[in-house]
Amino acid sequence: MKTGNNKGFTLVELILFIAIIGIVVLIFGALGAVVMGNYWVDKDEAMNCIKTIDPTISAIDRLEKKVYWSTVATAKNTDGVEKKFLIDANVFRSVDCEAK
């Protein structure tokens, strides 16, 4: 005589499994951002990159350094028009920029 059917997992086991997977993804995501993510560019690197797109840029007003995103540079051209540029740079020092 069979008294119970113990196939499958309990709700507590499933929630625990999902929590562990979430923690692992969070840890590897943070490590990936630190090891292979963006590093913050300085004004000279930003100016060199921006000059390849728009040679009329005369000065960078500010750099907004994001943690997981690209650096946003606000610059003015020779006419005084303010423009924004996204600057993406990784730990291998390859810098890529685009007009926003």
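All of the numbers you see were taken from the coordinates with simple rules; none came from a lab. Given the structure is predicted, the values throughout are model-derived calculations rather than measurements. Cβ atoms come from the backbone with ideal geometry, glycine included; neighbour counts cover every protein chain shown.
Data overview
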| read-out | value |
| --- | --- |
| Cα-only radius of gyration and Dmax that characterise region 43-99, units Å | 10.7, 35 |
| Ranked packing of 19-25, 47-53, 83-89, most packed first, by mean Cβ within 10 Å | 83-89, 47-53, 19-25 |
| Burial order of peptide ranges 10-16, 74-80 (average beta-carbon count within 10 Å, highest first) | 74-80, 10-16 |
| Stretchable slack from Lys100 to Asn6, in nm (0.36 nm times residue separation minus alpha-carbon distance) | 28.0 nm |
| Gain upon complete extension [Ala19, Glu82; 0.36 nm per residue less C-alpha separation] | 18.1 nm |
